[in-house]
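The values are calculated or read from the model by the stated rules, or taken from the named source; none is laboratory data. Everything quoted here is computed from the prediction, not taken from an experiment. When we count neighbours, we look across all protein chains shown, and the Cβ atoms used for this are built from the backbone with ideal geometry, even at glycine.
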Amino acid sequence: MFRHEPKHLKECRTRMFEALADYPVYEPPYRQGPNHPSQLLNKGTEEHFRSFRNFSMHGRDNFSYFMEQRHARLAALGAFLAKFAVKMDIDDNGLASVSAWCPQNCGVLVADLRTDAVRQAFLQMSEPWEGRRCGFNVIFDIGVFLGECVIARNKRLNWEYRPGASYDGRTDRSGYGIVGFRNNREWLDPMQYVYDACLEAEDDLLRGRVGRYLRTDTLADLVRDLSTS
């Protein structure tokens, strides 16, 4: 499964895959990303608008499902991290513990995070997060955790669905954002941020230099910085 990787990374992935065996799969009502494919205009205006109406309705349903499932996702993440003796909580100590866990571990949740195919599978939710993709569930839930930590420290902030469009539906965002920052800050996409953090951690592990890019305090520092933004 991981035959092209260094021995130490293969061993880390194997142990992680075993720990992920019973992790609950995140299953939204509809499998679609945040971007509506504008290429459908080539099929005519009527078809495009019909598709856009369905896309918008499904996106809202997915976001409602996400909002309802946040606490269940945090419970699943907490139970998983307990296997690593990490006590997850949104308070400062719990945040610091999760932040410290990430550099050594989040880079082995899913292989080949730097490839566009893997990124799109995550951000567009285009396939079930099972088997070799089961680590997507943890990446997503750490994003939920990150967002909830920020909101808990900055009461002006809240979750918001942020859809968009692209030619073929490709995207660099999950579409689930934290909004309400002062000084016209755009928004934070916690899931996209955590995916990129895992990508950096994977690169560190490949090169045998854990903590060079993703440090033990990276997530905690981000939350601290955003708590007054």
* From the options GLY177, GLY169, residue that is touching a Phe, Trp or Tyr at 6+ places or on another chain (Cβ under 8 Å), surrounded by 15 or more Cβ atoms within 10 Å (Cβ to Cβ) and among the small types (Gly, Ala, Ser) -> GLY177
* The listed residue being over 24 Å from ASP112 (Cβ atoms) and in contact with an Asp or Glu (Cβ under 9 Å, 6 or more places away or on another chain), out of GLY180, GLY211 -> GLY180
* Answer yes or no as to whether VAL194 is under 24 Å from LEU9 (Cβ atoms) and not in a helix (DSSP H, G or I). => no
* Asked: Would a scan of region 132-155 turn up a residue that is over 15 Å from the mean Cα position of the chain (by Cα), farther than 23 Å from ARG73 by Cβ, exposed (fewer than 14 other Cβ atoms within 10 Å of the Cβ) and among the charged types (D, E, K, R)?
  -> no
* **Meets criteria (at pLDDT below 95, in a helix (DSSP H, G or I), buried (at least 17 other Cβ atoms within 10 Å of the Cβ) and under 25 Å from the mean Cα position of the chain (by Cα)) for PHE80** => no
* To do: Name the single residue, out of those in region 83-131 being over 16 Å from the mean Cα position of the chain (by Cα) and among the charged types (D, E, K, R), that is farthest from VAL25 (Cα to Cα).
  => ASP92
* **Tally of residues being farther than 14 Å from SER99 by Cβ and either in contact (Cβ under 8 Å) with a residue 60 or more places away in the chain or β-branched (Val, Ile, Thr) (or both) across region 211-226** => 0
* Qualifying residues in region 49-63 (those that are among the aromatic types (Phe, Trp, Tyr) and surrounded by 19 or more Cβ atoms within 10 Å (Cβ to Cβ)) - the one farthest from PRO28 (Cα to Cα) -> PHE55
* Asked: Considering region 131-167 alone, what residues qualify as being in a loop (DSSP other than H, G, I, E, B) and under 28 Å from ASP112 (Cβ atoms)?
  -> CYS134, ARG162, PRO163, TYR167
* Any hit, region 9-21, residues being modelled with pLDDT of 95 or more, within 17 Å of the chain's Cα centre (by Cα) and in a loop (DSSP other than H, G, I, E, B) -> yes
* Residue check: is GLY169 touching a Pro at 6+ places or on another chain (Cβ under 8 Å), farther than 24 Å from TYR26 by Cβ and at pLDDT below 90? -> no
* Structure fact -> Log entry, pairs with first residue in region 190-203 being under 22 Å from GLU160 (Cα atoms), second being of a type in the set (Lys, Arg) and outside any helix (DSSP H, G or I), beta carbons closer than 8 Å, six or more apart or on different chains, reads GLN192/ARG173
* To do: Inspect region 86-101 for any residue being in a loop (DSSP other than H, G, I, E, B), surrounded by fewer than 14 Cβ atoms within 10 Å (Cβ to Cβ) and in contact with a helix residue (DSSP H, G or I) (Cβ under 7 Å, 6 or more places away or on another chain) and give the result as yes or no.
  => yes
